[in-house]
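The values are calculated or read from the model by the stated rules, or taken from the named source; none is laboratory data. What you are looking at is a predicted structure, and each value in this text was computed from that prediction instead of being measured. Please note: Cβ atoms are built from the backbone with ideal geometry, for glycine as well, and neighbour counts cover all protein chains shown. SASA here: full protein model, heavy atoms, side chains in, ligands and nucleic acids out. Shrake-Rupley method; radii C 1.70, N 1.55, O 1.52, S 1.80 Å.
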Amino acid sequence: MDSNYKFLIIRFSSIGDVILTTPLLRCLREEYPTSQIDFLVKKEFAVVLANNPHLNNIITFDKNAGKGELNRVRLVVKQNDYTHILDIQKNIRSLFISAGTGAFVTGFSKKLLARDLLIRFGKNIYSEIKPVYLRYFESAAALGVEYDGKGTEVFPAVSETEKVSEILKQNKIIAETPILVIAPGAQWENKRWPVEGYATASDTFCRQTGAFPVLIGGPGDVEICSQVKDLMKTPSLNLAGKLSLMGSASMLGMANMVFTNDTGMLHMAQAMKTAVVAVYGPTTRELGFFPLPENSRVAEIDVSCRPCTQKGLHSCPKKHFRCMNDIKPELVSNLAAELFKMNAGMNFPSGSRIPIPETHSEEEQQS
């Protein structure tokens with residue numbers, strides 16, 4: 001292929017959306033192995049792309065840097081003389097940055113009409129259910145780039161994995177113990193399954209499998225993780241607010257099962273090739289953000305007012321929150337047991353878990 005091509009992919013945010021671009025990056029690199037491939041992303045999400053072997057450069061946009069930041073980024077992009085810009089953000093900022101660069105600019109279909117009709121009026125005109133990570137490939141269709149079926153990916157630094165391994169060793173979680181990671185947080189309140197559900201489903205799964213539960217989340221998830229821990233009968237480890245984003249990725253990679261809402265942690269878990277049961281309430285499959293089918297299950301129920309949002313809301317518009325409240329804990333634990341058994345019964349899922357260094361007693365170390 002033409003090694004003179006220079007590509008820029010634009011996707012500013014957020015964690016999940018950026019992770020969902022990684023199949024496109026990998027497949028673009030496979031098709032154009034010697035071309036320059038750069039990525040423009042908001043500064044706070046650049047870490048998601050760190051160590052990605054398919055990228056040459058990461059350009060960051062700092063939304064807190066003031067009025068001149070957009071012009072600065074636009075100048076950097078223009079000076080790089082890109083031949084192709086794959087704009088998979090498609091907003092005013094990305095259009096402004098792409099304009100006047102001389103690059104061939106392509107995007108993808110956001111299906112805005114179908115989305116708005118479904119959310120606002122409950123009218124479904126989707127001709128097919130095409131997930132967002134596959135829609136992103138529309139931006140590279142003319143370049144002959146096709147999905148390879150290998151899913152999403154992130155690349156935590158070795159140092160992050162070592163830190164998490166040390167934490168597990170300090171808490172006497174040995175390599176033979178299955179791990180359940182619980183991520184009950186979400187930016188939007190109506191995407192959070194009740195803490196009582198997480199506690200009950202997690203207790204059931206741990207009783208069935210002998211798994212040890214670990215709670216994770218950002219600084220804003222400390223309280224909800226503490227609530228789940230307090231409600232659980234199974235002793236657990238709460239790491240909410242104690243890990244970096246890529247530290248959380250490493251923790252997810254060491255797990256055998258993940259319980260989560262429709263959040264970035266879901267997509268992070270899948271990028272680390274870990275089995276996941278995701279709880280979906282206000283959003284539906286048509287919107288494109290359900291997990292990849294590989295190694296996942298979705299807990300959801302049919303409620304006539306779904307979907308009521310694409311990104312999330314601070315409360316239920318109908319005030320009953322049935323889409324989440326009516327999801328029973330046994331649905332989640334049953335889906336998890338099925339997925340766990342499919343992977344390896346009582347053994348680790350083959351090839352999906354980052355190994356935890358074995359711990360040894362002082363006597364063994366001296367011998």
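Yes/no per residue for (1) at positive phi; (2) touching a strand residue (DSSP E or B) at 6+ places or on another chain (Cβ under 9 Å); (3) not acidic (Asp, Glu):
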position: Asn238; (1), (2), (3): no, yes, yes
position: Lys242; (1), (2), (3): no, no, yes
position: Ala255; (1), (2), (3): no, yes, yes
position: Gln270; (1), (2), (3): no, yes, yes
position: Lys273; (1), (2), (3): yes, no, yes
position: Leu287; (1), (2), (3): no, no, yes
position: Phe290; (1), (2), (3): no, yes, yes
Q) Which condition number does Glu146 fail, the rest of (1) outside any strand (DSSP E or B); (2) in contact with a Ser or Thr (Cβ under 7 Å, 6 or more places away or on another chain) being met? A) (2)
(Q) Looking only at region 90-116, filter to residues that are part of a helix (DSSP H, G or I) and open to solvent by less than 40 Å² (accessible area, probe 1.4 Å); which one of those is farthest from Gly149 (Cα to Cα)? (A) Ile97
Q | Residue within region 125-140 that is in contact with a His (Cβ under 7 Å, 6 or more places away or on another chain) and open to solvent by 40 Å² or more (accessible area, probe 1.4 Å) present | A | no
**Q.** Within region 219-309, strands (runs of 3 or more DSSP E) holding 2 or more residues that are within 24 Å of Glu162 (Cβ to Cβ) and under 16 Å from the mean Cα position of the chain (by Cα)
**A.** 257-261
Q. Out of all the residues in region 75-89, is one or more out of contact with any Ser or Thr (no Cβ under 6 Å at 6 or more places or on another chain), closer than 30 Å to Met272 by Cβ, open to solvent by 50 Å² or more (accessible area, probe 1.4 Å) and of a type in the set (D, E, K, R)?
A. no
Q) Do we have Cys316 as hydrophobic (A, V, I, L, M, F, W, C), part of a loop (DSSP other than H, G, I, E, B) and surrounded by fewer than 20 Cβ atoms within 10 Å (Cβ to Cβ) here? A) yes
Q: Determine whether region 20-30 contains at least one residue that is farther than 27 Å from Gly144 by Cβ and open to solvent by 10 Å² or more (accessible area, probe 1.4 Å).
A: no
Q. Applying the selection to region 281-319, what residues are free of Cβ contacts under 8 Å to residues at least 24 places away in the same chain and not β-branched (Val, Ile, Thr)?
A. Pro293, Asp302, Pro317, Lys318, Lys319
Q: Please specify each residue of region 187-209 satisfying the condition of being open to solvent by 10 Å² or more (accessible area, probe 1.4 Å) and outside any helix (DSSP H, G or I).
A: Gln187, Trp188, Arg192, Pro194
Q) How many residues are assigned to a loop (DSSP other than H, G, I, E, B) and free of Cβ contacts under 8 Å to residues at least 24 places away in the same chain if we restrict to region 149-168? A) 1
Q) Could you list, in sequence order, the residues of region 310-350 that are at pLDDT below 95, under 22 Å from the mean Cα position of the chain (by Cα) and among the polar types (S, T, N, Q)? A) Gln310, Asn343, Ser350
